[in-house]
Amino acid sequence: MWRVAFFSLRPRSHLVWMDSVQKSAASVKKILCEAPVESVVQVSGTVVARPPGQENPKMPTGEIEIKVKTAELLNSCKKLPFEIKDFVKKTEALRLQYRYLDLRSFQMQRNLRLRSQMVMRMREYLCNLHGFIDIETPTLFKKTPGGAKEFLVPSREPGKFYSLPQSPQQFKQLLMIGGFDRYFQVARCYRDEGSRPDRQPEFTQIIDISNVFRNTEIGFLQDALSKPQGTVKAICVPGGAKYLKRKDIESIRKFAVDHFNQEVLPVFLKTSINWNSPVAELIMEEQRLEFIRLMQVQEDDVILLTAGEHQKACSLLGKLRLECADLLEKKGVVLRDPALFSFLWVVDFPLFLPKEDNPRELESAHHPFTAPHPSDIHLLYTEPEKVRSQHYDLVLNGSEIGGGSIRIHNAELQHYVLATLLKEDVKLLSHLLQALDYGAPPHGGIALGLDRLMCLVTGSPSIRDVIAFPKSFRGHDLMSSAPDCVPPEDLKPYHIQVSWPADSESEKNSLNLHQES
């Protein structure tokens, strides 16, 4: 008698013991033992209870086994690029290249099944308990101002393009105007931009120390404070000097430059470490004492300091706060209870922000349809940069998982915001302005980032671990090599020609050779 462990069911990966006691045991044993790992085998036999005392309550199928009669190898698996085991380390690029294999792992199976269950619970809660209606909105739309960059889709009409909506924002408003006061959808959003750092709205944990350095001799601080919206900000990493090594600090500094194009400097005020910090050497004694008081610095604390435009400095330090927490937890410091879900609403955002490339002009902090705070409407016509918005974000365990707003329902006010304050072409939004004129009710909504929410629920380090077929950091599909080149004859119906940059000549030649062959 012999026993062999075999994953008989995909994708649930239930382990079934097979007990071969039939006359054909030798031939069955040969097939099962010689079949490569992950091969497809068809087994026939009788399902019976396992012998008393041999049950395994930890397995879904731990109380049964199969008395095998026959076995047939249906499809042999060639050598795998990596072992399909969760404890085997694999690069993310390799996982994405062979995603169909990575999906067999226990973790990916668990994540995607949990995601499916969560979406089902959402639908049951919204539809069955609260009268919401699930409505699909178009994927092909038109290019509109505001928000993230959109992907364009050519049409067969010369010079005319569809746009993949980066958010179904306008459809939400139009549906509410149409009388669907409780509407939701699990929507696809398309944004033509690379990965960017998550916005961190919890600026209250980031401390402004600009006044401490008003008379500083430190050049880059002077330079930052001399500019509009310039500020000096810092966060404290409690006990950081005991755990963070030089390589950790260098990693933090590199992250700031790579993702924010911003310098961040470590300052050690109450430690024996200085790592030749130029800032610490140039801080005068009275500045140092005030610095310690404002930051409430304790022994072995590390201060991370940056200087620059207010919004950029806050976003950087907000992200670094989470990065430092991750580093400390990897070193065994207990900071966050993984079983605890801490929610936070962030409100009173500004309605407008100065444009980064032209601070004299304004852009929407959220989107151009966000309603101003009722108490600040009068400032729209005099000091619009001081107007608060009816925009709200939902934060879970330090990460933004959703955002929404009350929308402008008055056509005249929406026209003023678009044309006068944001200097947008209102013709592009004529359909929305017209709809607002036909008795639009006050309305609002919220969009939850399902990928990010699932990431927190499952404890995954990346949203790519909760998406079946994600793109890489640069937006590439490493499995199918998308985006890919299209032959010129396929572009002709869309009246499009590709103009190749000089440094892409080799790629162009490669495409031509491919077409000729």
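Only the coordinates and a few stated rules stand behind these numbers; no lab work does. On a predicted model such as this, the values are computed, not experimentally measured, just so you know.
Kirkwood radius, region 299-417, all distinct C-alpha pairs, inverse of mean reciprocal distance: 17.0 Å. Note on residue 355: lysines with a C-alpha under 19 Å away, same-chain residues under 8 apart excluded, are 149, 227, 312, 386, 423.
In straight-distance terms, cross-link reach from residue 85 covers every one of the lysines whose alpha-carbon lies under 30 Å from its own, apart from those fewer than eight places away in the same chain; here that gives 29, 30, 58, 67, 69, 330, 331, 471. The alpha carbon convex hull volume per residue for region 80-142 rounds to 133 Å³.
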